[in-house]
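Chemist: Starting off with a structure, shown below.
Every number in this text was worked out from the coordinates using simple rules, so none of it is lab data. Note that the structure is predicted; figures quoted are calculated from it, not measured. Neighbour counts run over all protein chains shown; Cβ positions are idealised from the backbone, glycine included.
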Amino acid sequence: MNNAVQSTDAASAADPLYWDPYGAAFRQDPYPLYARLREEAPLYYNEKHNFYAASRFEDCQRGLADWQTFSSARGNILEYVQSGVEIPRGTLIFEDPPVHEIHRKLLARVFTPRRIAVLEPRIRTFCERVMDPLVGAERFDLVRAVGTEMPMRVIGMLLGIPESDQPAIRDLADATMSTEDDGKIDAEEMLSGEVFREYIEWRKKNPSDDLMTELLTTEFEDENGVRRTLTDDEALIYTTVVAGAGNETTGRLIGWFGAVMARYPEQRQELVADPSLIPNAIEEILRFEPPGPFIARYVTKDVQLQGQTVPAGSAILFIQASANRDPARFPDPDRFDIHRVTQNMAFGVGAHYCLGAALARIEGRVAAEEMLKRFPRWDVDWDNAELAQTSTVRGWRTLPLVIGGH
């Protein structure tokens with residue numbers, strides 16, 4: 001056995017150091033434990049689930065950028081990396097260059113600044129439509145009212161899915177992303193994507209100015225030098241990736257805005273007084289409470305990390321949420337400050353930097369702007385708020401707001 005700190009080793013006889021990404025006990029406030037990992041076991045090994053974890057900013061930044069050593073080809077979720085499930089061709093977030101670059105470039109043509117900018121008025125209109133009826137209410141659940149609805153609507157706008165059918169798509173996607181009691185996702189079920197097949201067939205017969213049509217009709221040169229369009233199966237995978245990624249993380253970001261701003265009412269009032277501060281506040285929330293707390297990679301060869309060997313064939317988690325609180329990178333990292341100007345790791349690093357980051361930022365900003373216009377003050381009914389975590393995301397399943405307060 002190598003020299004990495006074992007999950008059963010004790011930091012002290014009375015307080016053993018143990019971290020489990022599936023454990024409910026680690027959801028509420030993982031940051032003190034992340035601090036211990038950075039100090040006591042910057043390369044951590046969990047024997048129960050057989051994975052390594054890196055928690056310092058420098059290690060996460062270097063590792064996530066090094067796709068040759070820390071590969072995405074077996075997935076970026078721990079269950080995928082360890083399952084050996086066959087990753088469908090075209091699942092670009094589960095690919096490495098050069099094929100990743102070919103597939104990413106095709107999708108990047110859809111996520112252009114122009115296309116995303118065109119969505120902003122429609123996102124704002126949706127927020128107005130959802131929030132206006134809530135004005136005058138004493139309380140409402142932010143996640144139910146906005147967090148689960150808006151990302152699904154925006155993805156529907158991109159994909160061209162009729163509005164009446166969007167809730168069914170969201171519900172099926174949510175069911176696929178749900179976990180069993182052990183907190184693990186069914187990798188094969190999540191990758192199936194069959195829910196979108198009928199829409200691809202329908203859109204082929206009814207082309208429009210949307211992502212689905214563009215995916216089906218855009219020509220590209222594949223890794224074999226062949227000029228072609230996507231097959232239906234490839235388009236199905238692309239659509240599944242966009243829908244899954246867009247729904248989960250953006251919805252969690254909106255929930256974290258409501259929770260964090262309730263805890264820091266003085267800074268919330270600054271945003272009410274000066275909405276131009278909101279974009280930077282969104283960045284600080286992404287640093288402070290990233291919806292995606294960690295990301296997995298497959299280790300392709302023996303590699304030295306923190307003076308120890310991580311053997312080829314291992315699974316490793318890069319804990320972005322810990323990296324975002326690393327005092328070596330962020331002064332006073334546990335202090336929330338909407339005026340902090342910095343680059344965080346919420347959207348990843350390098351070749352796999354989140355393609356939808358700009359869209360997520362717009363959704364978060366617009367939701368915050370429209371919310372603060374109508375509800376400058378709120379508290380959270382913490383006794384009835386429920387925090388959820390899977391091996392991909394951490395955020396609020398329910399977040400009941402009490403309007404008014406401090």
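Chemist: Kindly state, as a whole number, the per residue volume in cubic angstrom of the convex hull around the alpha carbon atoms of the range 32-137. Provide the component values of the computation, followed by the final result.
Modeler: Values: hull volume 22.9 nm³, N = 106.
Dividing the Cα hull volume of the range 32-137 by its residue count gives 216 Å³.
Chemist: Turning to a different aspect of this structure: For the range 309-377, what mean projected area does the convex hull of the alpha carbons give, in nm²? Each step should come with its number before you reach the end.
Modeler: Numbers: hull surface 29.6 nm².
Dividing the Cα hull surface by four gives the mean projection, 7.4 nm².
Chemist: How are the Cα pair distances of the range 252-406 distributed, in percent, across 10 Å bins from 0?
Modeler: 10, 35, 34, 14, 6, 1
Chemist: Same structure again: Show the residues, 5+ positions off or on another chain, whose built amide H is closer than 5 Å to the amide H of ARG139.
Modeler: For ARG139, whose amide H was placed from the backbone, the distant partners under 5 Å are ILE403.
Chemist: Another question, if that's okay. Could you tell me what fraction of 2.2 N^0.38 Å the Cα radius of gyration of the range 5-403 comes to, as a two-decimal ratio?
Modeler: Values: Rg = 21.0 Å, N = 399, 2.2 N^0.38 = 21.4 Å.
With N residues counted in the range 5-403, Rg over 2.2 N^0.38 Å equals 0.98.
Chemist: Tell me, what ³J(HN,Hα) does each residue in the range 301-318 have, in order and in whole Hz, if you take phi through Karplus 6.51 cos²θ - 1.76 cosθ + 1.60 with θ = phi - 60° and put x for Gly and Pro?
Modeler: Result, ordered by residue: 8, 3, 9, 8, 9, 6, x, 10, 9, 9, x, 3, x, 7, 9, 9, 9, 9 Hz.
Chemist: Right, next: Taking 8 Å as the Cα distance limit and 6 or more residues as the minimum spacing, I'd like the relative contact order of the range 5-403 as a percentage. Present the calculation step by step, with values, prior to reporting the outcome.
Modeler: Details: 652 pairs, mean separation 105.0, N = 399.
Value for the range 5-403: 26 percent.
Chemist: Rounded to the nearest 500, what is the chain's calculated 222 nm mean residue ellipticity when only DSSP H runs of at least 4 contribute -39500 (n - 2.57) each, over all residues? All intermediate terms of the calculation are to be shown ahead of the outcome.
Modeler: Working: 15 runs with 172 residues, N = 406.
Rounded to the nearest 500, it is -13000 deg cm²/dmol.
Chemist: Could you tell me the center-to-center distance, by alpha carbons, between the range 230-255 and the range 98-168 in angstrom?
Modeler: 12
Chemist: While we're looking at this one, here's another question. Take the chain, connect every pair of alpha-carbon atoms lying under 10 Å apart with a spring to form a Gaussian network, then pick out the residue of ASP209, ASP274, ASP15 with the largest mean-square fluctuation.
Modeler: Its mean-square fluctuation being the largest, the pick is ASP15.
Chemist: Let me ask you something else. Normalised radius of gyration for the range 116-167, please: alpha carbon Rg relative to 2.2 N^0.38 Å, two decimal places.
Modeler: Here the Cα radius of gyration is 1.20 times the empirical estimate.
Chemist: Taking DSSP loops as anything outside H, G, I, E and B, show the longest stretch in the chain free of GluC sites (Glu not before Pro) there with at most 15 other beta carbons within 10 Å. Show your work: numbers first, answer last.
Modeler: Values: sites that count: GLU47, GLU86, GLU138, GLU180, GLU219, GLU223.
That would be 224-406.
Chemist: Next question, about the same structure. Skipping prolines and chain starts, which residues have an amide H placed within reach, meaning under 5 Å, of the one on ARG397, given they are 5 or more residues away or on another chain?
Modeler: Amide H neighbours of ARG397, under 5 Å, 5+ apart: GLU386, LEU387, ALA388.
Chemist: Only sites in a loop by DSSP and with at most 12 other Cβ atoms within 10 Å count here; which trypsin sites (Lys or Arg not before Pro) in the range 300-405 make the cut? Display every interim value, and only then the final one.
Modeler: Working: sites: LYS301, ARG325, ARG329, ARG335, ARG340, ARG361, ARG365, LYS373, ARG374, ARG377, ARG394, ARG397; in loops: LYS301, ARG325, ARG329, ARG335, ARG340, ARG377.
Those satisfying the criteria are LYS301, ARG335.
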